[in-house]
Structure formats: structure tokens, C-alpha cells
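I have placed the structure first, in the form of C-alpha cells, so that the comments after it can refer back to it.
Coordinate-derived values only; no laboratory data. Just so we're clear, the structure is a prediction, and the values are computed from it rather than from any experiment. Cβ placement follows ideal geometry from the backbone for every residue including glycine, while neighbour counts extend to all protein chains displayed.
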Amino acid sequence: MSDMPTTTVPELAATKHHRVYAIANQKGGVGKTTTTINLATALAAVGKSVLVIDLDPQGNASTGLGFDQSDRTITAYDVLSGSATLRQAIRHSPIPGLDLVTSTVDLLGAEIELIDMERRSYRVRDAVEAADTGHDFILIDCPPALGLLTLNALAAADAVLVPLQCEFFALEGLSQLLRTVDRVKRSFNPDLELTGVVLTMFDKRNNLSEQVAADARGHLGDKVYDTIIPRNVRISEAPSHGKPAVLYDHRCAGSRAYMALAKEFLRRESVPLAA
Ligand SMILES: Nc1ncnc2c1ncn2[C@@H]1O[C@H](COP(=O)(O)OP(=O)(O)OP(=O)(O)O)[C@@H](O)[C@H]1O
Ligand SMILES: [Mg+2]
């Protein structure tokens with residue numbers, strides 16, 4: 001079978017020092033991209049080296065990190081289709097320690113083209129393993145669907161981080177996602193973990209937010225991060241300035257929450273704060 005995981009060569013596994021995270025939720029507009037770019041920037045700010053892979057044809061992570069269409073020459077599409085290596089696709093962002101693999105709408109075509117490709121579910125995993133880019137963390141921003149792109153991210157990941165918007169129906173979508181994670185674990189990537197669920201766009205004036213948070217904690221216990229990301233207008237303004245919120249206005253409540261999230265993330269992943 002062409003679509004099976006590669007056997008891990010022990011020497012290679014021993015040298016692997018990055019951790020790969022898929023930021024996933026098939027629901028649209030729940031804060032995947034916002035979480036990816038702000039967590040990545042906050043991690044870079046405390047001295048970690050981070051690679052963001054924009055695996056969404058919408059290219060919002062690329063835009064949000066200030067990459068215009070004209071900066072997107074070698075993209076995630078080229079990596080998936082095999083016409084470029086991951087290293088060739090990496091762009092340095094203006095933020096020290098933060099690199100990016102951009103995406104364009106071409107990636108929509110990859111969903112279809114991948115169907116006939118060898119190791120179609122492992123294109124990202126193979127590219128990441130072959131590159132050994134030297135980053136501490138690789139964060140993959142997934143599209144709002146459970147198609148081949150998200151499957152590639154989950155097959156490449158050590159863990160999945162799920163942004164959950166504090167609104168009605170949030171938990172319904174979550175159980176579908178968790179079933180998918182289980183299936184991927186059984187069939188493609190036995191090491192995949194759920195690192196956690198991050199509550200986003202929490203509105204303290206809205207009782208529903210409290211209820212979703214309580215339900216999520218009731219179902220998932222300590223898988224739910226203590227840090228809650230509030231709904232904050234500065235966060236929604238930041239992408240149009242091509243900057244993550246934590247740079248656009250590092251003092252707003254949303255940015256402070258993302259800095260706290262990065263600390264909690266490092267604590268949960270048992271990574272020391274100081275390099
Ligand atoms: N905490 C927040 N407060 C206010 N607005 C937010 C917050 N988080 C995200 N947003 C805004 O909500 C919208 C959706 O967020 P985002 O793009 O991060 O979601 P997404 O899950 O990546 O969406 P998609 O599924 O389309 O990729 C964006 O306009 C973003 O700026
Ligand atoms: Mg997005």
C-alpha cells in the first residue's frame with residue numbers, strides 16, 4: 001500500500017527536536033488562524049523558534065502575518081504536490097524566530113490532485129520529516145473542513161490543538177472532530193494526541209459563553225486550557241494591518257490572553273520558558 005506511514009528510522013527519530021501541532025476545527029470562523037498566528041508569535045517572543053504552515057487555501061495566516069500575494073512564490077501547494085521541499089517554501093517573517101510556509105488559493109486544487117498521489121495522506125508528514133527544519137514548534141493552520149488537507153495535518157502532527165468558539169452548537173462540532181482524531185489515530189498516526197481545547201471569543205456579558213465553557217470542561221476536563229481568549233475588537237482589527245494582535249496591540253485583553261496561552265502551552269508541553 002502506498003498510503004502507509006514510513007517506518008521510523010531510530011537514529012532519525014532521536015534527532016527530531018520539533019513538535020508538530022495541527023490547529024484544527026472543521027467549523028469555520030472559530031479562531032484557528034487567530035490562535036495559530038498569535039500563539040506562534042507569543043512563542044517566538046519568549047525565544048522559541050516556530051514555523052507556521054498555512055494549510056488553508058484562504059491563506060488567512062499568510063495575510064495575518066503580513067505576506068501579500070506577491071510574497072507567496074513557493075507555497076504549501078508546491079510542498080504538497082512535490083514540486084518544492086519544505087525548506088524551499090519557508091519564508092522568514094519580520095518577527096524574529098517566526099517562519100512561515102504561505103498558502104494561496106492553489107491549495108484548493110491540491111485537495112483534488114492529492115487523491116491520485118502516492119502517500120496522499122502523508123504529504124505534509126513526509127515533507128516535515130525530510131526537512132528537519134530546526135524549529136522548536138511547527139504549527140499547522142488547518143482549513144475549516146475535514147478533507148485531505150486537514151487529514152494531512154493530523155497525520156503529520158504530534159498533537160492537535162482545537163480552538164472552540166464559545167457559542168451554541170460548538171460542542172456538537174467538537175464531538176465530530178474528536179471522532180475524526182480517533183480515526184486518524186487508529187489508521188494513520190497512532191501517536192496523535194489531543195493537547196487541548198482553547199475557548200475563544202468568550203464574551204463575559206453573554207451567559208451562553210459561560211455555559212459553553214462549563215460544558216466543555218464538564219466533557220473534557222483538564223484538556224480544556226485554563227486560559228480563555230476573550231472576544232476583543234483589537235484581535236479582529238489586527239489582520240487588516242498584516243500583524244498578529246500580540247504585535248498590533250500587545251496590551252489589549254486579547255493579546256494578553258494569547259501571551260498567557262503561550263505560557264500555559266509551554267507548561268503543558270513541559271518546555272522550559274527560558275531557552
Ligand atoms: N478573540 C477574538 N475576538 C474578536 N474577534 C476575533 C477573535 N478571534 C478571532 N476573531 C475574528 O473572527 C474571525 C474568525 O477568526 P479566525 O479567522 O481566526 O477563524 P478560523 O477558524 O481560522 O476561520 P476559518 O475557519 O475561516 O479558517 C476573524 O475575523 C477574526 O479576526
Ligand atoms: Mg482560518
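With a 10 Å cut-off between alpha carbons and a GNM built on the chain, which of Ile95, Ile23, Ile235 moves the most?
So, out of Ile95, Ile23, Ile235, the one fluctuating most is Ile95.
On a 0 to 90 degree scale, rounded to 10, what angle separates helix 207-220 from the longest Cα axis of the chain?
Roughly 50 degrees between the two axes.
What percent do you get for the relative contact order of the chain when only Cα pairs under 8 Å and 6+ apart count? It would help to have the intermediate numbers written out before the result.
Numbers: 536 pairs, mean separation 67.6, N = 275.
Taking the mean separation of contacting Cα pairs over the length of the chain, I get 25 percent.
At a 10 Å Cβ-Cβ cut-off, how would you order Ser93, Ser49, fewest neighbours first? Can you show the working numbers first?
Details: Ser93 21, Ser49 18.
Result, fewest neighbours first: Ser49, Ser93.
Quick one, can you get me the convex hull of the C-alpha atoms of the chain expressed as volume per residue in Å³? Intermediate results must be reported in sequence, preceding the final value.
Working: hull volume 32.5 nm³, N = 275.
For the chain, the hull spanned by Cα atoms encloses 118 Å³ per residue.
Hey, got a sec? Which GluC sites (Glu not before Pro) in the range 197-275 land in a DSSP loop and have at most 16 other Cβ atoms within 10 Å?
Glu269
With a 10 Å cut-off between alpha carbons and a GNM built on the chain, which of Ala153, Ala44, Ala130 moves the most?
Of Ala153, Ala44, Ala130, the most mobile in the Gaussian network model is Ala130.
Run the helix sum for the chain: -39,500 (n - 2.57) per DSSP H stretch of 4+ residues, divided by residue count, reported at 222 nm to the nearest 500 deg cm²/dmol.
Mean residue ellipticity, 222 nm, calculated: -12000 deg cm²/dmol.
How much length would be gained if the chain were fully extended between Arg87 and Asp222, taking 0.36 nm per residue of separation minus their Cα-Cα distance, in nm to one decimal?
Extra length from Arg87 to Asp222 when fully extended: 45.0 nm.
With charges only on Cβ, +1 for K and R and -1 for D and E, what is the dipole size of the range 19-268 about its Cα centre, in debye, rounded to 20?
Magnitude of the dipole: close to 660 debye.
Can you give the angle from 0 to 90° between the axis of helix 253-268 and the longest principal axis of the chain, with both taken from C-alpha atoms, to the nearest 10?
Approximately 60 degrees, to the nearest 10.
Could you check which residue among Ile53, Ile74, Ile229 shows the biggest mean-square fluctuation in a GNM of the chain with a 10 Å Cα cutoff?
Looking only at Ile53, Ile74, Ile229, the biggest GNM fluctuation is shown by Ile74.
Go through the range 166-275 and name the trypsin sites (Lys or Arg not before Pro) that are in a DSSP coil and have 14 or fewer other Cβ atoms within 10 Å of their Cβ.
Lys204, Arg205, Arg251
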